[in-house]
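Pasting a structure here, questions to come.
Every number in this text was worked out from the coordinates using simple rules, so none of it is lab data. Just so it is clear, the structure is predicted and the values come from calculations on it, not from any experiment. Because the Cβ atoms are built from the backbone with ideal geometry, glycine has one as well, and the counts that use them run over all protein chains shown.
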Amino acid sequence: MSTSRRWVQDFSEGSREQRDLLGGKGANVAEMTRILGADRVPAGFTITTAACVAYMEGGSTAPEGMDAEVAEALARLEAHAGKRLGDAADPLLVSVRSGARESMPGMMDTVLNLGLNDASVGGLAERTGNARFAWDSYRRFVQMYGNVVLGIDSDRFEEAIAAVKAARGVELDTDLDAAALEELTRTFQTFYAFPQDPHAQLDGAIRAVFDSWMGDRAVTYRRLHRIPDDWGTAVNVQQMVFGNKGDTSGSGVAFSRDEVTGEAEPSGDFLVNAQGEDVVSGVRNTQDIRDLRTVMPEAHAQLMEILRTLEAHYKDMQDTEFTVEEGRLYMLQTRSAKRPAQAAVRFAVDAVAEGLLTEAEALMTIDAASVETLLSPQFDPSVDYAVVATGIGASPGGAKGEVVFSAAAAVAARAEKRDTILVRPFTDAGDVAGFAAARGILTSTGGKASHAALVARGMGRPAVTGASALKIDVRARVLRLPDGSTVAEGGFIAINGTTGEITLDDVPVTAPGVSDELETVLGWADGIRRLGVRANADTPDDAARAVELGAQGIGLCRSEHMFLGERQPLMAAVILADGEQERTAAIERLRPLQEDDYERILVALDGRPLCVRLLDPPLNEFLPEPHELPEGSPERARVESLQEENPMLGTRGVRLGILQPELYEMQVRALFRAAARVPGADVEVMIPLVDYELELDFMEDLVARVADEEGVVRGRDYKFGSMIELPRACFLADRIARHADFFSFGTNDLTQTGLGFSREDIEARILERYIDVKILDRSPFETIDTPGVAQMVRMGAWLGRKTKVDLKLGVCGEHGGDPDSIAFFHDSGIDYVSCSPPRVPVARLAAAQAAI
Ligand code: ADP
Ligand code: MG
Ligand code: MG
């Protein structure tokens with residue numbers, strides 16, 4: 001690019017490395033131009049993201065020099081094409097396409113066929129000998145320009161189209177002849193002041209793309225996907241090729257492999273005699289890409305070849321857009337395919353087998369967080385159900401709930417913790433909030449590449465699309481089934497996004513096991529990662545599940561969970577006991593139960609370590625509410641005396657152990673006795689909420705006394721350690737380490753106390769606003785606050801190891817299953833993370849990615 005140019009670059013000059021400047025679409029169109037050759041990719045130029053940023057900073061005015069550079073680039077494009085924009089006899093037509101650094105499907109708006117006007121539509125018709133095509137292109141342009149650039153409601157256009165179709169007695173857009181299309185174009189032109197000057201059209205479209213970056217839909221999408229507002233979007237101006245020239249033309253999307261299953265067979269959708277928007281919007285039912293082989297064999301063969309080339313070049317599964325104009329294939333876009341976890345895993349395994357990728361490269365193509373969905377609910381395969389209709393399995397998994405017909409209804413139901421299935425004819429950007437709130441998505445039109453399918457897969461929601469036998473009346477809020485019966489809003493429905501089946505039966509959903517392919521991928525990860533992965537588990541069932549998912553032990557067994565439910569009265573009896581004797585008796589009733597729990601967990605662990613955290617929560621969590629007890633009773637007085645202003649910072653953790661040592665003694669004894677009964681048992685005793693080294697000293701003595709009595713030896717039979725979850729403990733970790741064999745950083749409480757955030761209150765009230773005004777981009781309880789809280793972890797680790805070089809360091813808490821936090825822990829020399837069982841595969845994978 002010449003040095004005097006700042007804002008514009010031709011496709012022929014760019015490459016994929018320039019993604020930040022050219023946006024993903026522009027960079028990849030440039031890359032395709034390089035590797036596939038200039039005659040496969042329509043020519044054009046990109047107005048850079050830097051120009052968009054300057055435009056925003058300038059209060060929506062183009063930066064100095066941009067307009068002139070656009071004019072020069074257009075002149076180059078006209079010379080290349082041998083046509084001029086606005087030429088009445090032979091007009092150059094262009095598309096104006098947005099494209100940010102990260103793909104934002106359906107979020108930004110594209111205008112096709114720009115350059116047409118009342119004069120040149122005749123020229124185009126004459127030149128091509130195809131009046132229908134010319135008028136179809138023109139009516140699309142007037143419609144898109146009105147809708148995208150000027151914000152005219154799309155319903156007005158759709159209603160006008162429906163009216164003309166009804167008047168002519170035809171069903172499909174493609175059945176409208178030139179005269180009908182001309183009539184439509186004229187009607188559309190009455191909706192707004194359509195600019196006849198092609199240069200004014202181009203200018204308006206470029207600005208509209210820039211402005212759409214700050215539009216509501218784009219902003220919502222960026223919030224959900226954590227894309228910064230200040231990246232800006234590029235604008236691509238590209239010579240048009242035409243899929244709407246008749247039966248030897250068409251348009252479609254194609255994936256280099258099946259985008260749902262990951263199978264090594266290209267998949268996709270296309271439409272004959274259509275422009276690209278028709279395929280993605282899901283308003284017409286598409287044809288499977290395999291049918292292209294019969295409809296346009298030559299284009300099909302070329303496309304298959306190109307998909308292989310692109311995949312080998314990018315070393316990743318590709319998602320492309322193409323158009324065939326009178327038999328000739330053009331590539332309009334390529335990008336790494338977004339894919340559900342099952343396809344990601346399948347691709348990784350196949351790509352290594354094919355020699356396309358190394359194991360490490362293959363691991364990097366998987367979104368670690370997404371593999372949790374592989375373990376999320378599916379229809380129980382052993383249960384039969386009555387299928388009332390079938391659509392396309394567009395996003396895998398089983399989901400059930402109440403039918404809702406709007407995103408707003410899904411959001412409202414979510415707030416009341418009710419499960420819903422969002423049912424729509426098709427979806428658009430305005431429905432995205434409903435995807436997050438609903439359990440699953442069902443549409444009557446569209447395919448695997450429709451908006452509904454893409455967004456559902458992106459969010460890990462099961463979806464069935466294109467269930468064309470359903471009649472969905474959004475206004476009347478009823479769903480009509482093929483047999484004529486109806487389901488009203490609030491009625492029950494279940495969808496199987498794996499098979500596309502729909503049922504009214506309440507099919508049980510179950511968590512599946514680890515597939516062979518996932519096992520393979522996780523095996524590679526285990527070979528690469530240095531961070532250990534344990535699970536947080538409190539019951540024998542959870543322990544067994546954790547082991548099945550590859551946990552190397554339990555990093556956090558919250559012993560109090562065993563005291564809730566039906567055992568709560570026993571626990572309350574301990575706390576409310578009147579005098580020493582009564583208390584001892586009450587504790588002795590609990591001990592055998594606790595012993596039995598530990599024994600069964602140890603059996604499930606089969607020699608893997610079990611780290612038991614002694615009782616942590618405030619005692620009043622085990623007590624009845626005072627008003628539930630008789631007025632004036634001694635019990636009620638006792639319960640009242642135990643109420644605290646701020647229980648989370650009150651009598652809990654080690655403080656409890658110091659006030660009521662009998663409880664801790666009982667727990668330790670139960671653990672030691674259980675361990676004695678299970679060969680190879682490996683147990684760790686962990687003290688929560690330690691602030692002062694003397695607290696730990698006190699507990700060290702207590703545990704040593706019980707150990708003596710039980711004849712077990714520290715180091716050989718058990719380890720003793722501390723949670724590090726208060727700022728003071730991080731700062732004084734060198735002193736605390738004198739008493740500990742290990743630390744486990746409790747990053748949930750450390751986040752609460754380090755930030756002074758009460759988790760429930762912050763997430764309910766403050767967080768959304770903080771994200772809106774960009775103080776935060778996500779919850780610090782989800783990803784650890786790296787500059788703050790995480791530095792306390794780092795300091796605690798460093799100070800602890802200063803005292804004891806071999807001090808074992810773990811992290812438990814939600815962050816232990818979060819890929820971004822895991823990367824930080826890996827870098828900080830932590831030995832293992834511990835997370836909930838379904839996150840164990842996520843952590844194994846993320847730990848490997850951190851090590852690659
Ligand atoms: P999106 O980001 O919404 O996919 P695109 O810019 O990719 O928007 O445009 C949408 C569709 O418009 C493309 O898939 C393609 O089919 C069609 N399109 C865009 N540019 C051209 C062009 N120059 N010629 C023909 N079709 C085009
Ligand atoms: Mg596109
Ligand atoms: Mg804690």
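Using the alpha carbon gyration tensor of segment 469-534, what are the three equivalent-ellipsoid semi-axes (square root of 5 times each eigenvalue), largest first, in whole Å? List each step's numbers first, then the result.
Values: eigenvalues 370, 30, 26 Å².
Those come to 43, 12, 11 Å.
Another question about this same structure. Quick one: P(r) of segment 782-838 from all Cα-Cα pairs, 10 Å bins, percents rounded to integers, in order of increasing distance.
24, 56, 19, 1
Kindly work out what percent of the DSSP beta bridges joining two residues of the chain are antiparallel, to the nearest 5.
Rounded to the nearest five, the antiparallel share is 60 percent.
Shape of segment 501-644 from its Cα gyration tensor (a ≥ b ≥ c, root eigenvalues): rounded if a/c is under 1.5, otherwise prolate when a/b > b/c, or oblate? Each step should come with its number before you reach the end.
Details: a/c = 3.03, a/b = 1.90, b/c = 1.60.
It is prolate, given that a/c is not under 1.5 and a/b is the larger ratio.
Evaluate the distance, in nm, between pseudo-label points positioned 7 Å from the Cα of E298 and of R705 along their respective Cα→Cβ axes.
Modelled inter-label distance: 9.2 nm.
Hey, what do the phi angles of segment 182-189 turn into as Karplus ³J(HN,Hα) couplings, whole Hz, using 6.51/-1.76/1.60 and θ = phi - 60°, x for Gly and Pro?
5, 4, 4, 4, 4, 4, 4, 5
Now a separate question. Expressed in nm to one decimal, what extension gain is obtained for the pair R738 and V170 from 0.36 nm per residue of sequence separation less their Cα-Cα distance? Could you put the intermediate results ahead of the total?
Values: separation 568, 0.36 × 568 = 204.48 nm, distance 8.44 nm.
Computed gain between R738 and V170 is 196.0 nm.
Once you have the Cα-Cα distance between S515 and D288, take 0.36 nm times their residue separation minus that, and quote the gain in nm to one decimal. Kindly include the intermediate steps, with their values, before the conclusion.
Working: separation 227, 0.36 × 227 = 81.72 nm, distance 2.80 nm.
Gain on stretching S515 to D288: 78.9 nm.
Using modelled amide H (1.01 Å from N, peptide plane; none on Pro or chain starts), what sits under 5 Å from the amide H of L85, excluding residues fewer than 5 places away?
L92
Further question on the same structure: Averaging the inverse of every distinct alpha carbon separation and then flipping it gives the Kirkwood radius. What is it for segment 1-94, in angstrom units?
Numbers: mean 1/r = 0.0713 Å⁻¹.
Its Kirkwood hydrodynamic radius stands at 14.0 Å.
Would you please classify the overall shape of segment 620-771 from the alpha carbon gyration tensor, given that a ≥ b ≥ c denote the square roots of the eigenvalues, rounded means a/c under 1.5, and beyond that prolate means a/b larger than b/c while oblate covers the rest?
oblate
On average, how much area does the Cα convex hull of segment 242-339 cover when viewed from any direction, in nm²? Show your work: numbers first, answer last.
On the way: hull surface 22.0 nm².
The directionally averaged projection comes out at 5.5 nm².
Another question, if that's okay. Under the definition of Cα pairs under 8 Å and six or more residues apart, what whole-number percent is the relative contact order of the chain? Intermediate values should be presented prior to the final figure.
Values: 1799 pairs, mean separation 76.0, N = 852.
So the answer I get is 9 percent.
From the convex hull of the Cα coordinates of segment 315-422, what is the mean projected area in square nanometres? It would help to have the intermediate numbers written out before the result.
Working: hull surface 46.4 nm².
Result: 11.6 nm².
Another question about this same structure. Give, as a single signed number, the net charge of other residues whose beta carbon lies under 15 Å from the beta carbon of V148, with Lys and Arg counted +1 and Asp and Glu -1.
Values: positive: R97, R139, R140, R156, R207, R217; negative: D109, D153, D155, E158, D203, D211, D216, E277, D428.
Neighbour charge sum, excluding V148 itself: -3.
Follow-up. Looking only at Cα atoms, what is the convex hull volume of segment 30-157 per residue, in Å³?
Details: hull volume 18.8 nm³, N = 128.
Spread over its residues, the Cα hull of segment 30-157 gives 147 Å³ apiece.
So if the hydrodynamic radius of segment 695-829 is defined as the Kirkwood radius over C-alpha pairs, what does Stokes-Einstein give as its diffusion coefficient at 20 °C and 1.002 mPa s, in µm² per second?
Values: Rh = 16.0 Å.
Rounded, D is 134 µm²/s.
How big is the equivalent ellipsoid of segment 377-510 along its three axes, where each semi-axis is √(5λ) from the Cα gyration tensor, reported in whole Å from largest to smallest? Kindly include the intermediate steps, with their values, before the conclusion.
Details: eigenvalues 65, 53, 46 Å².
Result for segment 377-510: semi-axes of 18, 16, 15 Å.
Which of the three applies to segment 73-223, rounded, prolate or oblate, going by the alpha-carbon gyration tensor with a ≥ b ≥ c and a/c under 1.5 meaning rounded? Write out the running numbers ahead of the final one.
Details: a/c = 2.05, a/b = 1.14, b/c = 1.79.
Here segment 73-223 falls in the oblate category.
Sticking with this one: Using a Förster distance of 25 angstrom, determine the FRET efficiency expected from the C-beta separation of H199 and S154, and round it to 0.05.
Values: r = 26 Å, r/R0 = 1.04.
In this case the efficiency is close to 0.45.
Determine, for each peptide in 438-448, 650-660, the mean count of other beta carbons within 10 angstrom over its residues, then list the peptides with the highest first. Present the calculation step by step, with values, prior to reporting the outcome.
Numbers: 438-448: 27.1, 650-660: 19.2.
Highest to lowest by the protection proxy: 438-448, 650-660.
Multiply the residue gap between S336 and E361 by 0.36 nm, knock off their C-alpha separation, and tell me the result in nm, one decimal place. Don't skip to the end; give the middle numbers.
Details: separation 25, 0.36 × 25 = 9.00 nm, distance 1.41 nm.
The S336-E361 span can extend by a further 7.6 nm.
Also: Pop out the ³J(HN,Hα) list for segment 170-180 in order, Karplus 6.51 cos²θ - 1.76 cosθ + 1.60 with θ = phi - 60°, rounded to Hz; leave Gly and Pro as x.
Karplus-based 3J(HN,Hα) across segment 170-180 equals 10, 9, 9, 4, 5, 7, 7, 8, 4, 5, 5 Hz.
Determine the alpha carbon to alpha carbon distance for each of K25/K774; K417/K471; K315/K448; K165/K448; K315/K808 and list only those over 32 Å. Don't skip to the answer; put the middle values down first.
Numbers: K25/K774 27 Å; K417/K471 28 Å; K315/K448 23 Å; K165/K448 27 Å; K315/K808 39 Å.
Result: K315/K808 exceed 32 Å.
Hey, got the Cα dimensions of the chain along the principal axes, in Å, largest first?
Principal-axis extents of the chain (Cα, largest first): 104, 66, 51 Å.
Between R418 and V219, what is the spin-label point distance in nm, taking each point 7 Å from the Cα along the Cα→C-beta axis?
Each label point is offset 7 Å from its Cα along the Cβ direction, giving 3.0 nm.
Packing-wise, with mean Cβ within 10 Å as the measure, how do 662-671, 25-34 rank, highest first?
Values: 662-671: 23.1, 25-34: 25.1.
In decreasing order of mean packing, 662-671, 25-34 become 25-34, 662-671.
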